[in-house]
1. Test of understanding: what is the full-extension gain from Lys64 to Trp81, defined as 0.36 nm times their sequence separation minus their Cα-Cα distance?
2. Which residue fluctuates most in the GNM of the chain (Cα springs below 10 Å): Leu95, Leu122, Leu109?
3. Could you compute the FRET efficiency for Asp218 and Ala35, with r as their C-beta to C-beta distance and R0 at 35 Å, rounded to 0.05?
4. Packing-wise, with mean Cβ within 10 Å as the measure, how do 60-66, 148-154 rank, highest first?
5. Looking only at region 165-209, which residues have a backbone nitrogen under 15 Å from a spot 7 Å from the Cα of Glu229 in the C-beta direction?
6. How large is the Kirkwood hydrodynamic radius of region 2-226, in angstrom, based on all distinct alpha carbon pairs?
7. Based on DSSP, what percent of beta bridges with both residues in the chain are antiparallel, to the nearest 5?
8. Roughly how tilted is helix 113-122, in degrees to the nearest 10 and between 0 and 90, from the longest Cα axis of the chain?
Amino acid sequence: NWEKLSGDITFENVWFKYPDGNEFILEDFSLHIPAGTTVAIVGETGAGKSTLVNLACRFFEPTKGRVLIDGRDYRERSQLWLHSALGYVLQDPHLFSGTVMENIRYGRLEATDAEVVAAARLVSADVVAAKLPDGYATQVGEGGDRLSTGEKQLVSFARAVLADPPIFVLDEATSSIDTETELLIQNAISHILNGRTSFIIAHRLSTIRRADIILVVDDGKIVERGTHEEL
Ligand code: ATP
Ligand code: MG
């Protein structure tokens, strides 16, 4: 039952290589994120930032070492258990084919239309819906391809707000996002961080400033750690 989770995350001596890769991306990586902390991860392209998120979300599992959630190896639990405890907005988000409404509700299937719309409003995903021909009933297409990256991210934010998980992961988009959508995303971020452990791959200074801890990652290792003022 994830409602009892506080959202404390520990990487314990994690070694990782992708199944089709031949070199370790993470070598003996350790990190403790106390519950409720906002951690920003910055670093150059290929540094291993998304890989860290892939492991935190258990899209991939450590080759060696463990990832603990509230002190317990996540491999002792089902995938479903972890996925109901975390919300994520990925760099290149994929929605499933269905309507905007269905995509947001995916986080909490019993939610009423009014609850879905309220969550969408909080993170400005209502602006996305308003631009579409059939509003919330618009079919987003395969993978959500009828929406731009920024729009898909806003829909994903709404899903996460509705599900209200103890852990939230954001891999900021690197693709170009127009200024208006960018502002909406910044607003969405400020609504989602409070009260949960957040793991944010940040490309924008505005996002980095919100973090309690900033980790600078290079070649799969933390090379610097501190607050925005310290770094
Ligand atoms: P960016 O800022 O460009 O998103 P990143 O810091 O997120 O970069 P990662 O995607 O974690 O970098 O990549 C780290 C290394 O792992 C790179 O060398 C990359 O080529 C490799 N890699 C990433 N994803 C995979 C994958 N699915 N299979 C094999 N290798 C991968
Ligand atoms: Mg990445």
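1. On the way: separation 17, 0.36 × 17 = 6.12 nm, distance 2.17 nm.
Computed gain between Lys64 and Trp81 is 4.0 nm.
2. Among Leu95, Leu122, Leu109, the largest GNM mean-square fluctuation belongs to Leu109.
3. Details: r = 27 Å, r/R0 = 0.77.
Efficiency, from the Cβ-Cβ distance: 0.80.
4. Values: 60-66: 16.6, 148-154: 23.0.
The packing order, highest mean first, is 148-154, 60-66.
5. 209
6. Working: mean 1/r = 0.0562 Å⁻¹.
That comes to 17.8 Å for region 2-226.
7. 50
8. It is inclined by approximately 60 degrees.
Read-outs: derived from the displayed coordinates by stated rules, not from any lab. Nothing here was measured: the structure is a model prediction, and the numbers come from that model. FYI the Cβ positions are ideal-geometry reconstructions off the backbone, even for glycines, and counts take in every protein chain you see.
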